[in-house]
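Input: a single structure, listed below in structure tokens.
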Amino acid sequence: MEKTLVILKPCTIQRGLIGEIISRFERKGLCLAGMKMTWLTDEILSEHYAHLKEKPFFQRIKDAMSVCPVIVCCWEGVDAIHVVRQLAGATNGRNAQPGTIRGDYSMSVQENIVHASDSPETAAIELKRFFNDDEIFNYKMNNLLALYANDEF
């Protein structure tokens, strides 16, 4: 099973959408393997968004992500990275399809509800950035046969 990182951004916490967003991933059939609330430091934000360091909006992103705590989640499932990104929708909420998280809850490219890892390599790096090994749990969901064919997992 593949694991991926999702961050519920400050806009999600401020708007009271935590349960709604988490339930989207649960209803799809993903398994929650880790979750915690944390306040992101400038150091962590600089590391997490290092690929955007030269962009004019770099500081704006860091400022927005430090307004209040965030909730970091580790979700697990077959093709979890792809599934989460499909559920999230296009980065710009104005362009995201209705029915996606961003399409239903976002009007912004920045205040776009969630961050989601974009590849297995990125997911591995990001999960290590936000979770200690003992904060991600491995357990068998009793409903796997209702979610997947027996040769899919």
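The values are calculated or read from the model by the stated rules, or taken from the named source; none is laboratory data. Just so you know, these numbers come straight off a predicted model, no measurement behind them. Cβ placement follows ideal geometry from the backbone for every residue including glycine, while neighbour counts extend to all protein chains displayed.
So the values come out like this:
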read-out	value
Out of THR12, THR38, THR91, THR100, sole residue that is among the hydroxyl-bearing types (Ser, Thr, Tyr) and within 23 Å of ASN138 (Cβ to Cβ)	THR38
Scan of the stretch 31-65 for residues that are in contact with a helix residue (DSSP H, G or I) (Cβ under 6 Å, 6 or more places away or on another chain) and not small (Gly, Ala, Ser), ordered by number	LEU40, LEU45, TYR49, LEU52, PHE58, LYS62, MET65
Test: residue in the stretch 129-137 that is outside any loop (DSSP other than H, G, I, E, B), of a type in the set (Asp, Glu), touching a residue at least 12 places away in the same chain (Cβ under 8 Å) and in contact with a helix residue (DSSP H, G or I) (Cβ under 8 Å, 6 or more places away or on another chain)	no
Residues of the stretch 14-61 that turn out to be part of a helix (DSSP H, G or I), closer than 21 Å to TYR105 by Cα and not acidic (Asp, Glu), as a count	12
So GLU2, is it surrounded by 14 or more Cβ atoms within 10 Å (Cβ to Cβ) and touching a strand residue (DSSP E or B) at 6+ places or on another chain (Cβ under 9 Å)	yes
Boolean, GLU111 is more than 16 Å from GLU47 (Cβ to Cβ), touching a helix residue (DSSP H, G or I) at 6+ places or on another chain (Cβ under 8 Å) and in a loop (DSSP other than H, G, I, E, B)	yes
Search result, residues across the stretch 62-106 that are closer than 17 Å to ILE13 by Cβ and surrounded by fewer than 16 Cβ atoms within 10 Å (Cβ to Cβ)	ASP63, VAL67, CYS68, PRO69
Residue ID - surrounded by the most Cβ atoms within 10 Å (Cβ to Cβ), chosen from residues in the stretch 24-43 that are within 20 Å of ILE81 (Cβ to Cβ) and without any contact (Cβ under 8 Å) to a residue 24 or more places away in the chain	GLU26
Filtered residue count, the stretch 1-13, keeping only those that are assigned to a loop (DSSP other than H, G, I, E, B) and touching a Phe, Trp or Tyr at 6+ places or on another chain (Cβ under 9 Å)	1
Conditions (1) modelled with pLDDT of 95 or more; (2) surrounded by 14 or more Cβ atoms within 10 Å (Cβ to Cβ): number failed by MET141	(1)
Failed criterion for SER106 (all others in (1) at pLDDT below 95; (2) more than 17 Å from GLU76 (Cβ to Cβ); (3) small (Gly, Ala, Ser) hold)	(1)
